[in-house]
Each structure stands twice: as structure tokens, then as C-alpha cells.
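A quick write-up on the structure given underneath.
The values are calculated or read from the model by the stated rules, or taken from the named source; none is laboratory data. Just so we're clear, the structure is a prediction, and the values are computed from it rather than from any experiment. Glycine also receives a Cβ, built like all others from the backbone with ideal geometry; neighbour counts cover every protein chain displayed. To get the accessible areas, we keep the full protein, side chains included, count just its heavy atoms, and leave off ligands, DNA and RNA. Shrake-Rupley method; radii C 1.70, N 1.55, O 1.52, S 1.80 Å.
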Amino acid sequence: INPKACIPSNIGFYVPEIGSTSQIPCDVGAFQPKSAQSQCKTSDPGFYVDSEGSPDQTPCPPGTFSEESGATSSDVCIAVSPGEYSLGGAQSAIPCPPGTYQPDPGQESCIDSDPGHYSGGSGSVQQEECLPGTYMPEFGAEMCSRAASGHFVAVSASTYQRACEPGTFQPKYGSVSCIPAIPGNFVDEYAQ
């Protein structure tokens, strides 16, 4: 006896019962990447399926996210807020890490803070200027460095500290100026 040969269902389709004579396309919101399957897979959060018989799901674009399973269109993909970013297929927004910021919604990355600036917390929407007495020579700083003793920073957003000139000194850190030598004393070197 030679039984009838069964035909496996195509990708994007399924056969739910034994003895079926036809395959059924996956509904919108579902997909099937394999052949010969008895059911379809629901689209994952961060993805959607907008047509019947789909072999795969489509990721939400970078800068958006979706928490919804079984989504049937890209309308579920929500733009991330300022201070956040996302990659394609994200199920949630990611806060910008310290040292970075993002002023615009719907972005796929954050921006490193500039020299002379910092971004202290996560989820920052803007960078902050280093205050007088502090400086930062690098990109992506979480905080500014205090001026060392013998040095000062007189202005905001400085990328460097200046050494106290001969005739002046500064024993403290984070100073905005140097102190003239006390009468009867002298300072003959820089950075004292």
C-alpha cells in the first residue's frame, strides 16, 4: 500500500489539523519563518507584521519602540523622547548614559558632551557648561575636573586650567583666581 504523500506548508503559512487539504496564511500580526508548521508566531514587542502570509516580522525603525505583541502596523512604533534613544526592533526606550545627551525625540543614538561641558546623569537632554574653577579637555565627560592647586579657571566652559603666574599662588583646588604674594614673600615660579 502506498499512502498519499503529505505536502509541508510553506513559510508564512500553517496547517492546524491532521488531514487538512490546504494551508492557511498567517494573519497580520503573525508570521512563520519555517515550513511544515501547525501554527504561526505572534510578532514580538518592537516588531510588527502588516500583511498576511508573512515569513518574518518587521522591526520598528531606530529611534522608535513598541511594547505591544501581535502588532499589525508600524503605527505602534512610538518615537523615543529627548534624553533617550533606541535601535531597530526595540521594545523600550534607552536613557542616554552619563557623559551623553540627546535634545531631539526619535533618535537612534546620543551625543557625547563637548570639551568644557559635561552630562552628569542618565537621560540628559542637554549638556552643561563646566563652572568657573572647573574644566574638561575631553568629550563625553560625566563631570568636570576641579582646577588643581597652583592653578585656576576663571571662566565657564573651559577646556583647560591655567597656572598661577610668578608673584601669585593658590593653595586650594577649584579656584577661579590666584592670590598675590603676601608682602615680604615672593613667588618666582609658575603653578605655586
Worksheet item: Within the range 138-157, can you find the residues that are closer than 22 Å to P103 by Cα and either of a type in the set (G, A, S) or open to solvent by 40 Å² or more (accessible area, probe 1.4 Å) (or both)?
Response: E138, F139, G140, A141, E142, M143, S156, A157
Discussion item. Among the residues that make up the range 124-137, is at least one of them open to solvent by 70 Å² or more (accessible area, probe 1.4 Å), in a strand (DSSP E or B) and of a type outside the set (D, E)?
Written reply: no
Discussion item. I'm told V49 meets every condition in (1) under 25 Å from Y85 (Cα atoms); (2) open to solvent by 60 Å² or more (accessible area, probe 1.4 Å) except one. Can you identify the failing condition by its number?
Written reply: (2)
Worksheet entry | Identity of the residue in the range 16-40, buried (at least 18 other Cβ atoms within 10 Å of the Cβ) and touching a strand residue (DSSP E or B) at 6+ places or on another chain (Cβ under 7 Å), that ends up farthest from A90 (Cα to Cα) | Q23
Item to complete: Identify, from the list E67, E84, the residue that is among the acidic types (D, E), surrounded by fewer than 20 Cβ atoms within 10 Å (Cβ to Cβ), in contact with a Pro (Cβ under 6 Å, 6 or more places away or on another chain) and at pLDDT 95 or above.
Response: E67
